[in-house]
Ligand code: IPE
Ligand code: IPE
Ligand code: MG
């Protein structure tokens, strides 16, 4: 990382970063909203509100550096265990965010996709706007922003296994022909490249059920920054770290 010497803001050489080759698909576990709020004696939900600016700055950074795929973890299948008031806030907030931001995403040529179980208990009004946002931006190819919502890596594999079992039962697939491709083609987003860089904020060093199949060979980068304080410079730092790693995929 370089600094410009005046205000110590990190300066990244975007062009050099692009030339070295950016990851095909960046996964981001946006964590630490509650702790950010707690540090300021604010309700946890204020942390979620402030996470919006972080997300949209990360999207701008992704566009700037030329990422084609980014998946952000917004709500897990386990997050239903939180207090009902926090869950209700997150549902309302995401609906509101999509209503306010859909124009901007569309104008930026961002294709928005949701991965996860897109059904109850997600409120109907949110499901509707999720669907509308996907349809409206489906023709864009500049950046695909996947939002993992009511997403769990195990649930995704269970859903793929069910689809596979149905095909076996119907005689469309022989059990002996089941291979990695038959599983990956039944995941939520079969055309997405594998996640090759996975970033988690807030200092936690775990996957929390995120992209278990897709991130099998991802480079992991853990950043102590709490999600509401995340900015594109943190994304650039992670990409630079990725570019320094030697990827072997089991070979020598
Ligand atoms: C991430 O921040 C947002 C969601 C999981 C919805 P958290 O709400 O998990 O924040 P911490 O981890 O409690 O600080
Ligand atoms: C993972 O964060 C889920 C999201 C960021 C949406 P959590 O905060 O829910 O994960 P744990 O509970 O610390 O593992
Ligand atoms: Mg958390």
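No value in this document is a laboratory result; all are computed from the given coordinates. In this text the structure is predicted, and so the values were computed from the model without any measurement. Virtual Cβ from ideal backbone geometry, glycine too; neighbours counted across all protein chains shown.
Under 8 Å for C-alpha pairs, at least 6 residues apart: give me the relative contact order for the chain, rounded to a whole percent.
Taking the mean separation of contacting Cα pairs over the length of the chain, I get 28 percent.
Expressed as a whole number of Å, what is the distance separating the alpha-carbon centroids of region 20-64 and region 165-196?
Between the Cα centre of region 165-196 and that of region 20-64, the gap is 32 Å.
What per residue convex hull volume, in Å³, do the alpha-carbon atoms of the chain yield?
In the chain, the Cα hull volume divided by residue count equals 153 Å³.
Could you check what % of the DSSP bridge pairs in the chain are antiparallel, to the nearest 5?
5 percent
Please tell me the relative contact order of region 115-210 in percent, rounded to the nearest whole number, where contacts are Cα pairs under 8 Å and at least six residues apart.
So the answer I get is 34 percent.
Largest first and to the nearest Å, give the Cα extent of region 205-252 along each principal axis.
38, 26, 15
Kindly identify region 1-150 as rounded, prolate or oblate by the Cα gyration tensor criterion: order the square roots of the eigenvalues as a ≥ b ≥ c, call it rounded if a/c is under 1.5, otherwise compare a/b with b/c, prolate if a/b is larger, else oblate.
Oblate, because a/c is 1.5 or more while a/b does not exceed b/c.
With a/c under 1.5 counting as rounded, go ahead and sort region 72-111 into rounded, prolate or oblate using the C-alpha gyration tensor (a ≥ b ≥ c being the square roots of the eigenvalues; past the cut-off, prolate if a/b is larger than b/c, else oblate).
Since a/c reaches 1.5 but b/c is at least a/b, the shape of region 72-111 is classed as oblate.
What nm distance separates the two modelled labels at residue 125 and residue 224, each placed 7 Å from Cα along Cα→Cβ?
In this crude label model, residue 125 to residue 224 measures out at 4.2 nm.
Provide 132, 15 in ascending order of the number of other Cβ atoms located within 10 Å of each residue's Cβ, fewest first.
Going from least to most buried by this count: 15, 132.
May I have the convex hull volume per residue, in Å³, for the Cα set of region 169-232?
125 Å³
Kirkwood-based Rg over Rh for region 10-97 (C-alpha set), two decimals?
We get a ratio of 1.06 for region 10-97.
Using only the Cα atoms, work out Rg/Rh for region 93-243, with Rh taken as the Kirkwood radius, to two decimals.
Ratio of gyration radius to Kirkwood radius: 1.00.
Using a/c under 1.5 as the rounded threshold, could you call region 46-85 rounded, prolate or oblate? The axes a ≥ b ≥ c are square roots of the C-alpha gyration tensor eigenvalues, and prolate needs a/b larger than b/c, oblate otherwise.
In terms of gyration-tensor shape, oblate.
Name the residues of region 212-252 whose amide N is less than 19 Å from a point 7 angstrom out from the Cα of residue 24 along the C-beta direction?
Flagged as within label range: 212-221, 239-240, 242-252.
For region 137-206, what value does the Rg/Rh ratio take when both radii are computed over Cα atoms and Rh is the Kirkwood radius, given to two decimals?
Reported Rg/Rh, Kirkwood definition of Rh: 1.06.
Using only helices, what value at 222 nm comes out for the chain when you add -39,500 (n - 2.57) per DSSP H run of length 4 or more and divide by the total residues, to the nearest 500 deg cm²/dmol?
Computed ellipticity for the chain at 222 nm equals -14000 deg cm²/dmol.
Quick one: if you stick a label point 7 Å off each Cα along the C-beta vector at residue 159 and residue 174, how many nm between them?
If labels sit at residue 159 and residue 174, their model points lie 3.0 nm apart.
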